[in-house]
Amino acid sequence: MGMHMFVTVASYKGGVGKTTTAVHLADYLQSLGPTLLIDGDPNRSATGWAKRGGFAFDVVDEKAGAYSARKYQHVVVDTEARPGSADFEALATGCDLLVIPTVPASLDTDVLVLTLHTARKLAADKYKVLLVRVPPPPETDGAQLREVLEGQGIPVFATDIPRLKAFEKAAEGGISVRAVEGDARAKRAWGAYEAVGKELVNG
């Protein structure tokens, strides 16, 4: 298969499941071909996660990543939280798609819309918002945020990532939710990222 994906996961604020998204997209892409996750976050969250257990894909820091990347079919970059607009520009320019995970919290919408206007200026067709930690019905936060974003013409992944404890379990065990056993919710959690992965690949 000749397809190569270079995906950057970036966020305008911390604590939005950025590393969780990078890990699970890398896990999905690994099922299609050799994948590298470059941990560019100073907290080294992805590296710590991998050390607790182990992933099917490789994890390196950004210094090693610059040299290793060419040996892999797919590369996912987990970036530093809250990049400035110049960093954002650099992130967006070098990748096939900039994935922006976003938690539905009404207070953040204004900040988000501003960030996305920046993203649109820099990389019109190269970014997409992923709604993560979306609370279950009857809460409507996810649907409301989706409506705001789509109303602004902002591209959003069709699948939301649900707010589930299975992701914490996976992080504690140093594995992806795909490898969490005996938990129906973990299956649902993986199914969501799998759907996002397919959308990523098929455009």
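Every number here is computed from the coordinates shown, using simple stated rules; none is lab data. Owing to the predicted nature of the structure, the values given are computational and were not obtained by experimental measurement. Cβ coordinates were reconstructed from backbone atoms using ideal geometry, including for glycine residues, and neighbour counts include every protein chain displayed.
Applying the condition of being out of contact with any Pro (no Cβ under 7 Å at 6 or more places or on another chain) and under 10 Å from V103 (Cα atoms) to the stretch 130-150 and asking which residue is surrounded by the fewest Cβ atoms within 10 Å (Cβ to Cβ) yields P135.
Right, A143: part of a helix (DSSP H, G or I) and among the small types (G, A, S) or not? I'd like the intermediate steps shown before the answer.
Numbers: part of a helix (DSSP H, G or I): yes; among the small types (G, A, S): yes.
Here the answer is yes, as A143 does meet what is asked.
The residues listed here are G191, G197, G153, G173; of these, the one that is more than 18 Å from the chain's Cα centre (by Cα) and within 21 Å of L97 (Cβ to Cβ) is G153. Of all residues in the stretch 165-186, those that are polar (S, T, N, Q) have Cβ atoms under 8 Å from Cβ atoms of residues that are part of a helix (DSSP H, G or I) and surrounded by 16 or more Cβ atoms within 10 Å (Cβ to Cβ), 6 or more apart or on another chain, in S176/V23; S176/H24; S176/D27; S176/A170; S176/W190. When the residues of the stretch 1-15 are narrowed to those that are assigned to a loop (DSSP other than H, G, I, E, B) and not hydrophobic (A, V, I, L, M, F, W, C), which ends up surrounded by the fewest Cβ atoms within 10 Å (Cβ to Cβ)? Across the stretch 1-15, the extreme among qualifying residues is G2.
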